[in-house]
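What follows is calculated from the coordinates using simple rules that are stated; it is not laboratory data. Because the structure is predicted, anything quoted here is derived from the model rather than measured. Backbone-built Cβ (ideal geometry, glycine too); neighbour counts: all protein chains shown.
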Amino acid sequence: MIGQKSKSKLDWGFLLLLSSSYFSGTIILQGLQSLMPFFQSDFNLSRAQVGLYSTAFFITATIAAIYSGQLVDKIGSKNGMLLSGLMMGIFVILHSLTSSFAILLVFASFTGLGFSVISPALNKAVIDESPPDKVGLSMGIMQSGGGVGSFVGASLLPVLAVAYGWRLAVILAGLNSILILFLVKFKLPDDFGVSNYQNEDQGNLSEKVKLLFANKSMLLVCFLGLILGTSSGTIPNHYTLYLTMDLGFTPQMAGLMLGVLQIGGLFGRIFWAWLSDKLHRNKRHLSFLYLIITISLLYIFYSYFIWRAAALTWLIFIFSFFLGTAAMGWMGLYFTVVGERSSSEMTGLATGLSLIFIRLGVLVSPPVFGLIADQFDHYNYSWLVLAIFTFVGGMILYFQERKI
């Protein structure tokens, strides 16, 4: 069994197994979002309607987030990973059986319900089992599995959809999620990630939530999640549409560029966490400051300049990587801070609470981003609004953090 070694150094086998679980979940999440042009064509959808898919996926994930976190604290990380993978695998396979976009949205909502469990389970495992001086790096390595899965899903599923149809593509994504469960089942001990505090009287759920809200530093991190969640909602959902409709790329090329963006996200999850461990371990708000500024500048660049350079394919690939590094690479650093600002027995619950704020951003932003694009028949002003929101919101939270 792995996950039972000394906490004095990194357990690479343990981190690889956690990464594989996140890998399977993000193949589904980002892979499905890379299929938006196929959904748009098959179901005859507008940009704003396409944005409803992410809303449906994340609405249940948002509603269930805090309960999922508490559930993980009770049943343990291993059981949480098994439950999440099984639900996602089954319901994404069911996507292939419908010819109605409304029913597709229902299946998306149940897939999102399964996805709501994976982050608390994995984050709790990393916080509980990692060396104290390498928590950020460990979180980044685990989160990198999501980056790899995002790249594979975004790059491979559109290719499979062109060759064999999007329905077969989603079936394969679902089967992958179910197969990963066997590794989790037989490689982790049965009691892995079960809190040592679960039998103590810690009060009911509302009392625990009040305790977390009373922690001002935790509350600021939650609101930061709302801001960063807009990136996770809008970019994967609309990036291929932006590339095909505004810049004129083919769906296959757009899928590859989305894949490069996800590689950037993979790099960013490790880079920002490593940078914070090395330079800002006791002042992680400085890492977030640099991150917010970088994201905002990239959005402005996309608003004013990228569309002018659409003929330079190599440049679009480069900036896809940069955009992914900043706007999609914050998770490792973010969830490290969530874990550090909560007690061990409440890591799952704290993760669930922070996910509510993140997913509120994910829920609201894709339809709004698409609606602005529909009004002007291009995405330039959508990028600009996103830049203003990210920068202003991030600066407000930064100065509030300094007052604590």
Task: Quarter of Cα convex hull surface for the chain, i.e. mean projection, nm² - done: 17.9 nm²
Open item on the list: Within 15 Å, Cβ to Cβ, of residue 103, how many net charges do the neighbouring residues add up to if Lys/Arg are +1 and Asp/Glu are -1?
Closed with: 0
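Quick check on the chain: helices-only [θ] at 222 nm, where DSSP H runs of length 4 and up contribute -39,500 (n - 2.57) each and the sum goes over total residues. Nearest 500, please. Before the final figure, lay out each step's value.
Numbers: 15 runs with 323 residues, N = 404.
Calculated at 222 nm, the ellipticity per residue is -28000 deg cm²/dmol.
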Open item on the list: For the range 269-370, take N as its residue count and report Rg(C-alpha) divided by 2.2 N^0.38 Å.
Closed with: 1.27
TODO: For the chain, return all DSSP H helices satisfying: extent of Cα atoms along own axis at least 18 Å; mean Kyte-Doolittle hydropathy at least 1.6.
DONE: 166-187, 313-327
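Relative contact order for the chain: what percent, with Cα pairs under 8 Å and sequence separation of 6 or more? Please list the in-between numbers first.
Values: 771 pairs, mean separation 115.5, N = 404.
Reported as a whole number, the value is 29 percent.
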Open item on the list: With just the Cα atoms defining each centre, how far is the range 83-100 from the range 107-180? Give it in Å.
Closed with: 14 Å
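In nm, what is the difference between 0.36 nm times the number of residues separating residue 399 and residue 164 and their Cα-Cα distance? Walk me through the numbers on the way to the answer.
On the way: separation 235, 0.36 × 235 = 84.60 nm, distance 5.19 nm.
Stretched out fully, the residue 399 to residue 164 stretch lengthens by 79.4 nm.
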- [ ] Order the peptides 226-232, 136-142, 101-107 from the highest to the lowest mean number of other Cβ atoms within 10 Å of their residues.
- [x] 136-142, 226-232, 101-107
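For 175, 94, which order do you get if you count the other beta carbons within 10 Å of each Cβ and list the fewest first? If you can, show how the numbers build up before the last one.
Details: 175 14, 94 18.
In order of increasing Cβ crowding within 10 Å: 175, 94.
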TODO: Take the cross-link list 283/403; 124/403; 78/216 and give me the ones stretching past 25 Å between alpha-carbons.
DONE: 124/403; 78/216
